[in-house]
Amino acid sequence: MTEPVGGPWRVWECILCGWIYDEAEGDPDGGVAPGTRWEEIPADWLCPECGAKKADFDMRLVA
Amino acid sequence: MSAGLIIVGASHAGVTVAAELRAAGFQPAITLVSDETSEPYHRPHLSKECLATDAEPGMLKPTTFYEEKGIERLNARVDAIDPDGRRIVTSDGKSFEYATLILATGAKPRGLPAGLPGAELALTLRDRADLGVLRARLATSRQLAIIGGGLIGLEIAAAARSKGMSVDVVECADRLMSRCISPELANLVRERHVAAGITFHMSSNVKAVTSQGIELTDGVFIPADLVIASVGSQPRTELAARAGLTCDDGILVGVDGSSSVTGIFALGDCARWPDPGLTRGIRHESIAATLWQAKAVAAALTGRPLPASTPLRLWSQQGAMRIQMAGPIEAATHGHITAAEGGHILYGFSTGRLSSVQAMDAPRAFNTAVARIGSCEADFRAEAATS
């Protein structure tokens with residue numbers, strides 16, 4: 001697989017519950033397609049595990 | 001059409017097991033039955049921002065998820081299970097056949113002792129309907145008294161205080177959140193609540209609830225125009241017990257979620273799962289435990305290996321305070337508490353290894369530490385010596 005446009009996929013971790021968001025995998029069940037950059041996730045998206053809002057908590061860049 | 005899979009209960013456990021089954025390639029029909037009319041929502045929001053800001057709880061999945069995944073939602077109350085005939089009966093008299101049944105019936109608030117005078121005057125919070133009642137009462141009340149100083153009681157207390165209400169908390173133990181966090185951290189949390197203006201009555205027992213407030217056994221009277229009881233939960237096992245499933249403060253299940261009756265599984269707050277360190281098993285009322293169990297049941301029903309276990313974690317949002325916990329607190333023989341990120345983190349050790357982590361307002365340090373559960377205490381000593 002070639003490197004995605006805009007640099008390697010990044011991995012984010014919900015600082016509240018520890019859920020991992022991998023840009024390569026997205027959150028298909030939550031309406032976020034694989035390959036969606038963190039910045040492109042809609043503002044009304046919720047952490048699928050703990051329900052934290054995107055704006056209310058920090059995702060920590062882990063890779 | 002052949003009978004498919006029926007899930008009773010559409011909160012975190014029921015919805016997640018449905019999603020995990022589809023993710024694992026499970027093909028048969030899935031029906032998610034719930035007596036709540038609302039689309040499945042994040043229940044933990046109810047005692048936090050929903051009370052503090054009048055926000056509605058977030059939805060567990062987008063509306064389109066259920067149709068896309070071939071998961072049918074049925075709004076009905078299940079009254080009976082016929083395990084021999086493999087069917088459920090709903091309150092409107094209809095019956096539905098299943099090949100596999102998953103019970104995710106959750107828990108209900110533990111009531112105050114039946115003999116306590118005025119017990120019926122205290123409200124409880126568990127679902128969206130309760131939230132509606134509570135909000136209406138909060139809007140017309142000025143003095144709130146909460147019975148129970150656990151996580152939920154303190155979340156409600158902080159939310160009400162942030163809206164300018166006077167808040168008293170009555171706790172029978174000499175410390176707060178005794179099931180969840182260590183005394184040292186619990187004391188720090190209490191100090192913050194006291195600074196915010198919440199009054200605590202520790203080591204206190206309720207003699208009676210009246211329309212004017214709470215009378216304690218030591219003679220103290222706490223004036224209140226609204227009383228909330230938050231004294232723990234009870235698993236909803238009536239349906240399972242009537243159908244002959246073995247229950248003991250929860251539906252007893254094996255490591256794959258299978259109950260004592262063939263073809264019936266259980267997970268979430270209604271179930272008691274085996275725990276390697278315990279003889280009785282554990283009913284860990286947490287999202288983390290539920291998510292792991294959902295993966296385990298999905299694995300069992302699709303012939304896959306069980307998922308690797310991860311440390312169970314809990315969190316609580318009490319006003320501006322974030323409290324997080326992972327690992328069993330009772331196992332730790334000693335610990336140390338340290339300042340981190342403007343808050344505090346507590347490391348608990350047993351048999352020379354990190355066994356639990358708790359944090360107040362130190363979410364990044366917490367996540368880093370959770371990943372190190374099981375590592376040697378000596379390493380932490382060496383780091384402390386060099387830092």
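Every number in this text was worked out from the coordinates using simple rules, so none of it is lab data. Note that the structure is a prediction, hence the values are computed from the model and not measured. Positions of Cβ are backbone-derived with ideal geometry, glycine not excepted, and every protein chain shown enters the neighbour counts.
Write down, largest first, the equivalent ellipsoid semi-axes of the range B:83-162 in whole Å, where each equals the square root of 5 times an eigenvalue of the alpha-carbon gyration tensor.
36, 15, 14
Which whole DSSP H helices in chain B pass both tests: a Cα extent of 20 Å or more along the axis and a mean Kyte-Doolittle value no lower than 1.0? All intermediate terms of the calculation are to be shown ahead of the outcome.
Working: long enough: B:287-301 (21 Å, 1.33).
Helices meeting the span and hydropathy rule in chain B are B:287-301.
Taking 7 Å along the Cα-to-C-beta vector as the label spot, tell me the B:Val133-B:Thr246 distance in nanometres, rounded to one decimal.
3.6
Which far-off residues, 5 or more places away or on another chain, put their amide H under 5 Å from the one on B:Leu123, with H placed in the peptide plane?
B:Val227, B:Ile228, B:Ala229
Shielding by partners for B:59-66, please: the mean number of other protein chain Cβ atoms within 10 Å of each residue's Cβ.
Numbers: counts 4, 5, 5, 7, 1, 1, 4, 0.
Mean partner shielding for this stretch: 3.
Could you size up the charge dipole of the protein assembly as shown around its Cα centre, putting +1 on the beta carbon of Lys and Arg and -1 on that of Asp and Glu, and report it in debye to the nearest 20?
Once rounded to the nearest 20, the dipole reads 480 debye.
Tell me which trypsin sites (Lys or Arg not before Pro) from the range B:336-387 have a DSSP coil assignment and no more than 15 other beta carbons within 10 Å of their own.
Details: sites: B:Arg353, B:Arg364, B:Arg372, B:Arg381; in loops: B:Arg372.
Loop-located and lightly packed - B:Arg372.
Given an 8 Å cut-off on Cα distances and at least 6 residues of separation, report the relative contact order of chain B as a percent.
Rounded, it is 15 percent for chain B.
Only bridges whose two residues both fall in chain B count here: according to DSSP, what percent of them are antiparallel, nearest 5? Don't skip to the end; give the middle numbers.
Numbers: 47 of 79 bridges.
Given both bridge residues lie in chain B, the antiparallel proportion sits at roughly 60 percent.
Arrange A:Arg37, B:Arg190 by Cβ neighbour counts within 10 Å, fewest through most, would you?
Values: A:Arg37 14, B:Arg190 20.
Listing A:Arg37, B:Arg190 from fewest to most nearby Cβ atoms yields A:Arg37, B:Arg190.
Can you put B:Glu49, A:Glu39 in order, fewest other beta carbons within 10 Å first?
On the way: B:Glu49 22, A:Glu39 7.
Ranked by crowding around the Cβ, least crowded first: A:Glu39, B:Glu49.
Taking beta carbons within 10 Å but only from partner chains, what does the mean come to for residues A:29-37?
On the way: counts 12, 6, 6, 1, 0, 0, 0, 0, 0.
Whole-number average of other-chain Cβ neighbours for A:29-37 is 3.
Mind ordering B:280-286, B:88-94 by average Cβ neighbours within 10 Å, highest first?
Details: B:280-286: 17.6, B:88-94: 13.6.
Those peptides, ordered most packed to least, come out B:280-286, B:88-94.
Relative contact order for chain A: what percent, with Cα pairs under 8 Å and sequence separation of 6 or more?
So the answer I get is 36 percent.
So if each residue of separation counts as 0.36 nm, and I subtract the Cα-Cα distance between B:Glu97 and B:Asp225, what length gain in nm does that give? It would help to have the intermediate numbers written out before the result.
Details: separation 128, 0.36 × 128 = 46.08 nm, distance 4.85 nm.
Result: 41.2 nm gained on full extension.
Spin-label point model (7 Å from Cα, Cβ direction): what's the B:Arg381 to B:Arg364 distance in nm?
3.0
Calculate one ³J(HN,Hα) per residue across the range B:207-213 by plugging θ = phi - 60° into the Karplus curve 6.51 cos²θ - 1.76 cosθ + 1.60, and present them in order as whole Hz with x for glycine and proline.
Here the 3J(HN,Hα) series is 9, 7, 10, 10, 6, 9, x Hz.
Which order results if B:Met360, B:Met165 are arranged by neighbouring Cβ count within 10 Å, fewest first?
Details: B:Met360 26, B:Met165 19.
In increasing order of surrounding Cβ atoms, one gets B:Met165, B:Met360.
How long is the gain from B:Met202 to B:Arg110 if the chain were fully straight, where each residue apart is worth 0.36 nm and the alpha carbon distance is subtracted?
31.1 nm
Which residues among the range A:11-50 fall inside the zone where the amide N is under 11 Å from a point 7 Å beyond the Cα of A:Val62, along Cα→Cβ?
It comes to A:11-22, nothing else.
Mind checking A:38-45 for the average number of partner chain beta-carbons within 10 Å of each residue's beta-carbon?
For peptide A:38-45, the averaged partner shielding equals 1.
When the helix-only estimate is applied to the protein assembly as shown (DSSP H runs of n ≥ 4, each -39,500 (n - 2.57), divided by the residue count), what is the mean residue ellipticity at 222 nm, nearest 500 deg cm²/dmol?
Value at 222 nm, helices only: -6000 deg cm²/dmol.
Mind giving me the nanometre distance, one decimal, between the label points for B:Glu184 and A:Glu25, set 7 Å out from Cα along Cα→Cβ?
Each label point is offset 7 Å from its Cα along the Cβ direction, giving 3.5 nm.
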